[in-house]
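Trainee: Before we start, here is the structure in question, set down as C-alpha cells.
The values are calculated or read from the model by the stated rules, or taken from the named source; none is laboratory data. Please read all numbers here as calculations on a predicted model, not as lab measurements. Neighbour counts run over all protein chains shown; Cβ positions are idealised from the backbone, glycine included.
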Amino acid sequence: MAKIRSITIKGYSGYGTDDEAFQDIVRLTADSISYHYQPQIPSELNPVRKWKYQTNSAIYKMRFDAVEAMIPLVLDSAKLENCTDIGGIEFHLIFSDKTEFKETYWVPGERFADCFRLIKSMVPECEYIPAVLLTEEDVEEDDQEEDDKEEEEEEEEESFSEPLAESGEENFG
C-alpha cells in the first residue's frame, strides 16, 4: 500500500444556530500542520482562525507516521455507525501514488479519540485545539478547570470574609 502523503480532516458543526455554525479543516503532512476555522457568521466572539506550521522535527515526523499507521483501522471501524443529529467528519487522504480516499463519517469525534489525541499532540501549544479534534476528554478537562476555578474563588471569598466575622464587624458581602 502506498504511503499517505496528506491527511485532511474536515469537521462541520451540525445542528445549531447560524451564529454558532462552522466548518473547520486540519491538514497534516509529514512536515506540516495547518488549520482553518470558518464560522458561518464571523463575529468578535467567533472569528475566523487560520494557522500553519512547517517543521523538520523528528518527533513530529514520528507522530505523523503513527497517525498514518492508525488511520486505516480507525476509518474502517467507523463505517459501522451512523448518526444524523451531528455534523460529519470528513477524511481526505492523498497517497504517494497520487490516489485519493475521501469519506464523510456521521459519528461523534469520540469514535476517533485515539487518533485525534495523537494529532492534538502535534498542534503547537500556542494554538487552540481544532474543533473537529475535540472529544469528551477535552470537555471533561474544561469542566474540571472550571470547577477548580470556582473552588479557588470560593476559597478567596471565604478568606476575605473570615477576618471581618472574627472582628465582630458585620459582613454584608
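Trainee: Give the stretch 5-31 a look and list any residue that's under 18 Å from Val74 (Cα atoms) and touching a Pro at 6+ places or on another chain (Cβ under 9 Å), or say none.
Mentor: Ile9, Gly11, Val26 - these are the residues of the stretch 5-31 that are under 18 Å from Val74 (Cα atoms) and touching a Pro at 6+ places or on another chain (Cβ under 9 Å).
Trainee: Here's a follow-up. When you look at Glu81, is it farther than 23 Å from Arg5 by Cβ, at pLDDT 90 or above and assigned by TED's automatic domain parsing to the domain that holds Gln54, yes or no?
Mentor: Working: farther than 23 Å from Arg5 by Cβ: yes; at pLDDT 90 or above: no; assigned by TED's automatic domain parsing to the domain that holds Gln54: yes.
Judged against the criteria, Glu81 is not a match.
Trainee: Hey, another quick one. Give the residue, chosen from Asp65, Asp76, that is assigned by TED's automatic domain parsing to the domain that holds Glu125 and closer than 15 Å to Met122 by Cα. If you could, list the steps in order and put the result at the bottom.
Mentor: Working: Asp76 fails: closer than 15 Å to Met122 by Cα.
Being assigned by TED's automatic domain parsing to the domain that holds Glu125 and closer than 15 Å to Met122 by Cα holds for just one of Asp65, Asp76, which is Asp65.
Trainee: Among the residues of the stretch 6-62 satisfying the criterion of being within 23 Å of Pro108 (Cβ to Cβ) and charged (D, E, K, R), which is surrounded by the fewest Cβ atoms within 10 Å (Cβ to Cβ)?
Mentor: So the residue we want is Asp18.
Results for (1) within 19 Å of Ile7 (Cα to Cα); (2) free of Cβ contacts under 8 Å to residues at least 40 places away in the same chain, shown as yes or no for each residue.
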residue: Phe22; (1), (2): no, no
residue: Ile25; (1), (2): yes, no
residue: Tyr37; (1), (2): yes, no
residue: Trp51; (1), (2): yes, no
residue: Phe64; (1), (2): yes, no
residue: Leu75; (1), (2): yes, yes
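Trainee: Looking at the stretch 50-71, can you tell me whether even one residue there is part of a loop (DSSP other than H, G, I, E, B), closer than 18 Å to Val132 by Cβ and over 17 Å from the mean Cα position of the chain (by Cα)? Working first, answer last.
Mentor: From the stretch 50-71, those part of a loop (DSSP other than H, G, I, E, B) are 55-57; that's our starting set.
Add one more test, that the residue is closer than 18 Å to Val132 by Cβ, and what stays is none.
Looking for residues that are part of a loop (DSSP other than H, G, I, E, B), closer than 18 Å to Val132 by Cβ and over 17 Å from the mean Cα position of the chain (by Cα), one finds none in the stretch 50-71, hence no.
Trainee: Also, I was wondering about something else. When Ser96 is evaluated against the numbered criteria (1) over 15 Å from Ala131 (Cα atoms); (2) of a type in the set (S, T, N, Q); (3) in contact with a helix residue (DSSP H, G or I) (Cβ under 8 Å, 6 or more places away or on another chain), which criterion, by number, is the only one it fails?
Mentor: (3)
Trainee: Considering (1) touching a Cys at 6+ places or on another chain (Cβ under 8 Å); (2) exposed (fewer than 15 other Cβ atoms within 10 Å of the Cβ), say which one Met70 fails and leave the rest.
Mentor: (2)
Trainee: In the set Glu150, Glu125, which member is outside the structural domain of Val67 (by TED's automatic domain parsing), farther than 15 Å from Leu75 by Cα and at pLDDT 65 or above?
Mentor: Only one candidate qualifies: Glu150.
Trainee: While we're on this one: Any residue in the stretch 86-101 that is at pLDDT below 85, farther than 15 Å from Ile9 by Cα and not small (Gly, Ala, Ser)? Give the derivation first.
Mentor: The initial filter retains those residues of the stretch 86-101 that are at pLDDT below 85, namely 86-87.
Checking the rest, the ones that are also farther than 15 Å from Ile9 by Cα come to 86.
Keeping just the survivors that are not small (Gly, Ala, Ser) gives 86.
Yes; the residues of the stretch 86-101 include at least one that is at pLDDT below 85, farther than 15 Å from Ile9 by Cα and not small (Gly, Ala, Ser).
Trainee: Can you tell me which residue among Ile25, Ile59, Ile33 is modelled with pLDDT of 85 or more and either within 16 Å of Ala113 (Cα to Cα) or in contact with a His (Cβ under 6 Å, 6 or more places away or on another chain) (or both)?
Mentor: Values: Ile59 fails: either within 16 Å of Ala113 (Cα to Cα) or in contact with a His (Cβ under 6 Å, 6 or more places away or on another chain) (or both); Ile33 fails: either within 16 Å of Ala113 (Cα to Cα) or in contact with a His (Cβ under 6 Å, 6 or more places away or on another chain) (or both).
Of the residues listed, the single one that is modelled with pLDDT of 85 or more and either within 16 Å of Ala113 (Cα to Cα) or in contact with a His (Cβ under 6 Å, 6 or more places away or on another chain) (or both) is Ile25.
Trainee: Regarding Leu118, is this residue modelled with pLDDT of 95 or more and either on the phi > 0 side of the Ramachandran plot or not in a loop (DSSP other than H, G, I, E, B) (or both)? Break it down into steps so the answer makes sense when it comes.
Mentor: On the way: modelled with pLDDT of 95 or more: yes; either on the phi > 0 side of the Ramachandran plot or not in a loop (DSSP other than H, G, I, E, B) (or both): yes.
Answer is yes for this residue.
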